[in-house]
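These notes are about the structure you will find just below.
Only the coordinates and a few stated rules stand behind these numbers; no lab work does. Here the structure is a predicted model, which is why all the values come from computation and not from measurement. All Cβ positions, glycine included, derive from the backbone under ideal geometry; neighbour counts span all protein chains shown.
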Amino acid sequence: MKSVYLETTVVGHIAGRLHPVAAVLARQQVTRQWWDSASNRYLLFVSELVLAECADGDGDAASERLKIVDGIDVLQTSAAANALAAELIAAHAVPQSEPRDALHIALAAINGVDYLATWNFKHIMNPSTQHLIDAVCRNAGIESATICTPEQLWVTYDDT
């Protein structure tokens, strides 16, 4: 069974009220459809960072987000993950202003997770930096996780 690291934006699309902007609403709906069967199709992981980000903000919303990830295996932050995150920033694969995004990528890679599911197109699933992410991981002797959206995981799943 393939594994998926759930970045915080995915949890945010599962939780909460439906968004009034059509594009965001569509992402929420497809994420929720994928989520309905994700645990039957994939080994799911979050990290200490995801838990911390889910706990931020409004108490009721935080509680809802944390309930979604309750029971999912938690990847621990390690010196190796922190070092890879620093390398991603040094190589300009992730902006220096976004160390958490670099850590999400590093945690998935260091732990050998197959997919990193995200809706963060700016700093994580950015086609102009994907080659840098892959190169940094490869230079560290690590295979990067395939970065994708829940929609891509949902429409490409093969039951066979």
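See the values below:
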| read-out | value |
| --- | --- |
| Leading residue by the ranking (surrounded by the most Cβ atoms within 10 Å (Cβ to Cβ)) among those in the stretch 25-61 that are over 15 Å from Tyr115 (Cβ atoms) and in contact with a His (Cβ under 8 Å, 6 or more places away or on another chain) | Leu49 |
| Number of the condition not met by Phe121 [criteria: (1) under 25 Å from Val24 (Cβ atoms); (2) surrounded by 15 or more Cβ atoms within 10 Å (Cβ to Cβ)] | (2) |
| Ala62, sole failed condition from (1) more than 19 Å from Ala38 (Cβ to Cβ); (2) touching a helix residue (DSSP H, G or I) at 6+ places or on another chain (Cβ under 6 Å); (3) of a type in the set (A, V, I, L, M, F, W, C); (4) not in a helix (DSSP H, G or I) | (4) |
| Test: residue in the stretch 128-139 that is surrounded by 17 or more Cβ atoms within 10 Å (Cβ to Cβ), closer than 13 Å to Thr8 by Cα and either in contact with a His (Cβ under 9 Å, 6 or more places away or on another chain) or acidic (Asp, Glu) (or both) | no |
| Complete set of residues in the stretch 99-124 that are part of a loop (DSSP other than H, G, I, E, B) and either within 19 Å of Arg32 (Cα to Cα) or touching a strand residue (DSSP E or B) at 6+ places or on another chain (Cβ under 7 Å) (or both) | Asn111, Val113, Asp114, Thr118, Trp119, Asn120, Phe121, Ile124 |
| Residues (outside any helix (DSSP H, G or I) and either polar (S, T, N, Q) or under 22 Å from Ser63 (Cα atoms) (or both)) located in the stretch 21-46 | Leu44, Phe45, Val46 |
| Residue count, the stretch 65-90 (criterion: outside any helix (DSSP H, G or I) and either surrounded by 15 or more Cβ atoms within 10 Å (Cβ to Cβ) or of a type in the set (Asp, Glu) (or both)) | 5 |
